[in-house]
Amino acid sequence: MINTQPDAPAERASMLRRFLARFPRPASTRSFWLFAAGAILLVMLAIEMISGLALAMFYVPTADQAWDSIIHIMRHVHHGELIRNVHGIGASLLFFACYLHMFRAMHYATYRRPYIKMWMISVTLYVLLIATAFLGYSLVGGQKSYWAATVITGFARAIPFIGADIQSFLIGGYAVGTPTFGRFFVLHFLIPLIITGMAVVHVRTVRRAFADAIKKEFTPQENQRLLLDYRITDEDTAKITLYLILFTWGVFFAPNYFSSADNFIKADPTVTPLIVTPEWYFLPLFSILRCFPDEVTGIVLMFGAIAIFYFLPWLDTSNSRFRHHSPWIKAGFFLWILNMVWLGWMGSKALVGPDFIDWLFGRSAEPGWIRPLSQLSTVLYFAWFVVVLPCRRWLEKQEPRQEKKREGQKP
């Protein structure tokens, strides 16, 4: 008897080949699981926007009622506690996927030609995510979030001449209050819309960059079909499912794992917590901000730690392929990641100890080592960008820059 039924695996493979024809990508991106981080980010962004919209229907952005409205959501709104847990854990896992996505791009040097535009949009999305997360954390109205917003906005006063005006503009007065909650709530609601629009642009630049990488030209009709033809492959679906399993476990079994006990207390402007720290994904930047006695230096270094990613395509002077990357550079990159984790851990501790030079030569009797090692880790953070990357060209086999010539031939 002749089997007339279609071969399911063959049909599925044919569908996958048709997808890859629509959405081309370099061969190096078709196996390693970190390459699903972009699709995971899209899924988590959608979850955050839907859960945030549900919370916004019941939240009251005033200094007196912000905390009470959150308690009302958790105790009286149907499935309100579940929605808030989804939003809170989702923010942490969104940033975890974001860091994986950025570290992957840095590891494979996909910030150079023809990926420069894609990288710039990615960094801008990261900056917008930081702003959105800080605004959302400040809206909780708990003791920790209130003082974190007070301390972070208070650093603006250190800016010469205009610092006090900037702080007053941010918080709408002399202290965090109802105007602050109103402004932060509006911005926390609007910035995700900008993020969504830029995410669409980012997906389009990914297609263009991958097409340039595999040296294939597409017709205008093929370029316009990107959003309509985009489908997640079976491989990415499995990775997203595993990530959502981790997300579900966090929602139901560890919803407050990343939260501070002080943030379950209503904000009291008259009582300062022993340690004022932001959420874990801000801790490396917070450690850089506070480790130097001069507040202006801390502000410049914190913003510089973010802005330096924009200059990464020009700081990295190497033009080598990934297979030619020096093992010393690869090892140094993972040490740089460990240094970031170390910075984050120190950012969660009380800032004690003298400056690094005084601590190193024993010129100060002040106990503690968090401040000096935070300063050392900050120097190592920037050394990767301004010392190691410019020296890569002498450690790796270089490839000819054919992309420039090819781009010059385009109409």
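The values are calculated or read from the model by the stated rules, or taken from the named source; none is laboratory data. Just so it is clear, the structure is predicted and the values come from calculations on it, not from any experiment. Every residue, glycine as well, gets a Cβ built from its backbone with ideal geometry; the counts of neighbours run over all protein chains shown.
With the requirement that a residue be of a type in the set (D, E, K, R) and within 21 Å of the chain's Cα centre (by Cα), what does region 61-109 give you? Across region 61-109, the qualifying residues are Arg84, Arg104. For region 368-406, the candidate set comprises residues that are in a loop (DSSP other than H, G, I, E, B) and modelled with pLDDT of 85 or more; within that set, the residue that is nearest to the chain's Cα centre (by Cα) is Trp369. Looking at region 312-328, is at least one residue under 19 Å from the mean Cα position of the chain (by Cα), outside the structural domain of Ala164 (by TED's automatic domain parsing), assigned to a helix (DSSP H, G or I) and surrounded by 20 or more Cβ atoms within 10 Å (Cβ to Cβ)? Among the residues of region 312-328, not one is under 19 Å from the mean Cα position of the chain (by Cα), outside the structural domain of Ala164 (by TED's automatic domain parsing), assigned to a helix (DSSP H, G or I) and surrounded by 20 or more Cβ atoms within 10 Å (Cβ to Cβ), which makes the answer no.
Look at Leu41 and say whether it is in contact with a Cys (Cβ under 8 Å, 6 or more places away or on another chain), in a helix (DSSP H, G or I) and crowded, with 19+ Cβ neighbours inside 10 Å. Judged against the criteria, Leu41 is a match. Can you find a residue that is hydrophobic (A, V, I, L, M, F, W, C), without any contact (Cβ under 8 Å) to a residue 12 or more places away in the chain and either farther than 20 Å from Arg112 by Cα or not assigned by TED's automatic domain parsing to the domain that holds Leu312 (or both) anywhere in region 366-378? Checked region 366-378: no residue is hydrophobic (A, V, I, L, M, F, W, C), without any contact (Cβ under 8 Å) to a residue 12 or more places away in the chain and either farther than 20 Å from Arg112 by Cα or not assigned by TED's automatic domain parsing to the domain that holds Leu312 (or both). Evaluate the following for Gly368: is it on the phi > 0 side of the Ramachandran plot, out of contact with any helix residue (DSSP H, G or I) (no Cβ under 8 Å at 6 or more places or on another chain) and of a type outside the set (Phe, Trp, Tyr)? When the stated conditions are applied, Gly368 passes them.
Out of Phe185, Phe169, Phe181, Phe161, one residue alone is at positive phi and either assigned by TED's automatic domain parsing to the domain that holds Gly141 or loosely packed, with under 14 Cβ neighbours inside 10 Å (or both). It is Phe161. Residues that are outside any helix (DSSP H, G or I) and either at pLDDT below 90 or of a type in the set (Asp, Glu) (or both): does region 72-90 have at least one? No: zero hits. A search for C-beta distances below 8 Å between a residue of region 143-165 that is among the basic types (Lys, Arg) and any residue that is in a loop (DSSP other than H, G, I, E, B), counting only pairs 6+ apart in sequence or on different chains, returns Lys144/Ser260; Lys144/Pro273; Lys144/Val276; Lys144/Thr277. For region 268-289, the criterion of being under 26 Å from Trp342 (Cβ atoms), exposed (fewer than 15 other Cβ atoms within 10 Å of the Cβ) and outside the structural domain of Leu93 (by TED's automatic domain parsing) is met by at least one residue.
Considering only region 291-300, state which residues are assigned to a helix (DSSP H, G or I) and crowded, with 20+ Cβ neighbours inside 10 Å.
Gly298
Of the residues making up region 319-364, those that are over 14 Å from Ala109 (Cβ atoms), of a type in the set (Lys, Arg) and at pLDDT 85 or above number 1. Phe264 meets each of the listed conditions (1) assigned by TED's automatic domain parsing to the domain that holds Lys349; (2) under 26 Å from Leu94 (Cα atoms); (3) in contact (Cβ under 8 Å) with a residue 24 or more places away in the chain apart from (1). The residues of region 301-311 that are aliphatic (A, V, I, L, M) and loosely packed, with under 15 Cβ neighbours inside 10 Å, listed by number, are Ile306, Ala307.
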